[in-house]
1. Looking at region 144-174, which of its residues are assigned to a loop (DSSP other than H, G, I, E, B), in contact (Cβ under 8 Å) with a residue 40 or more places away in the chain and under 22 Å from Arg332 (Cβ atoms)?
2. Need a quick list: helices (runs of 4 or more DSSP H) entirely within region 250-360 having at least 1 residues that are buried (at least 21 other Cβ atoms within 10 Å of the Cβ), among the aromatic types (Phe, Trp, Tyr) and touching a residue at least 40 places away in the same chain (Cβ under 8 Å).
3. Any residue at all in region 318-335 that is of a type in the set (D, E, K, R) and on the phi > 0 side of the Ramachandran plot?
4. What about Arg332, is it at pLDDT 95 or above and in contact with a strand residue (DSSP E or B) (Cβ under 9 Å, 6 or more places away or on another chain)?
5. When the residues of region 187-210 are narrowed to those that are among the aliphatic types (A, V, I, L, M) and in contact with a Ser or Thr (Cβ under 9 Å, 6 or more places away or on another chain), which ends up surrounded by the fewest Cβ atoms within 10 Å (Cβ to Cβ)?
6. Out of the residues in region 257-288 that are touching a strand residue (DSSP E or B) at 6+ places or on another chain (Cβ under 8 Å) and of a type in the set (S, T, N, Q), state the one that is farthest from Ala299 (Cα to Cα).
Amino acid sequence: MKIGVIGGGQLGRMLALAGTPLGMNFAFLDPAPDACAAALGEHLRADYGDQDHLRQLADEVDLVTFEFESVPAETVAFLSQFVPVYPSAEALRIARDRLFEKSMFRDLGIPTPAFADILSQQDLDAAVASIGLPAVLKTRTLGYDGKGQKVLRSAEDVVGTFAELGSVPCLLEGFVPFTGEVSLVAVRGRDGETRFYPLVHNTHESGILRLSVASEAHPLQALAEDYVGRVLQKLDYVGVMAFEFFEVDGGLKANEIAPRVHNSGHWTIEGAECSQFENHLRAIAGLPLGSTAKVGESAMLNFIGEVPAVDKVVAIDDCHLHHYGKAFKAGRKVGHATLRCADMATLEARIADVEALIAG
């Protein structure tokens, strides 16, 4: 089976690493000349709206998926005329627009922060008067890793902010006094079978995920599964989805979904019976889903900007290095380490070892 992937970054790369043992081959459509997934398959260098190359991709592969939601939904809809594409164009259309996403959560009875659609500075001023401060203004599309958003703490922060974010459609969200950030990675097959990984505790810095730790019997696991299950069913979803939540007053409020494999699920490569990457491929290919059970206690730490010396990383017991083969650049995810340990105390010690290496 040959899988087409829209996007050739590290997520596409890890999909190929998971699919190769299953006898799968890969083709990546990505405009970047140095797409890091290209080493693991055919690279069609073209823009995501290039219909000639999209037709070429469709003719070469058995099905198509995508590795990030900046892909236009129109691209997926066009491809769907010629080859199966999972997840669907409709799932992507909703997930890539924060207004559509938050509106879907509200309609499904999933708690969210207060929010308002912002199409002008006047809209922003009115929404701030209604929702209050602090609040967060985010572009409706294309923002990630802290980009395309601004925290508003005072009236002075509001002035001119719509223009500062590019005078594009935005969403204002009321600030949530959360006690923790968690995410749930789920997978749903073509036949509707659904499995969930354990809730993960996430730590961000400057809007970029730094650390994810798989939880032990989290008291909100069942509630998170209920909320995620509603979204999966609503979208008739196929593949892996990640759902990020805020922990608030003993419950959960929805932050956002990612219609793809997700950074907070990287720990599953070594830390689960079947990784999120293999399960995504199983789901879209119509294969039986794999077990999402943990194997030991696991965590993931991102390497931002540069990867420490390989010999130092692999010298840490229980540590597994994943180097993306990308040029080092400030603020860029260039690799990660996953840790799998026998108990939580050892895991905490190993996290400290890797953090010291990053700091050093």
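The values are calculated or read from the model by the stated rules, or taken from the named source; none is laboratory data. All figures in this text were calculated on a predicted structure; none of them were measured in a lab. Every residue, glycine among them, receives a Cβ derived from its backbone with ideal geometry; neighbour counts consider all protein chains shown.
1. Within region 144-174, Tyr144, Asp145, Gly146, Lys147 meet the criteria.
2. Because the criterion is at least 1 residues that are buried (at least 21 other Cβ atoms within 10 Å of the Cβ), among the aromatic types (Phe, Trp, Tyr) and touching a residue at least 40 places away in the same chain (Cβ under 8 Å), the helices (runs of 4 or more DSSP H) in region 250-360 that meet it are 276-285.
3. Yes, the conditions are met somewhere in region 318-335.
4. So Arg332 fails the test.
5. Of everything passing the filter in region 187-210, Leu209 is surrounded by the fewest Cβ atoms within 10 Å (Cβ to Cβ).
6. Top of the filtered list is Asn279.
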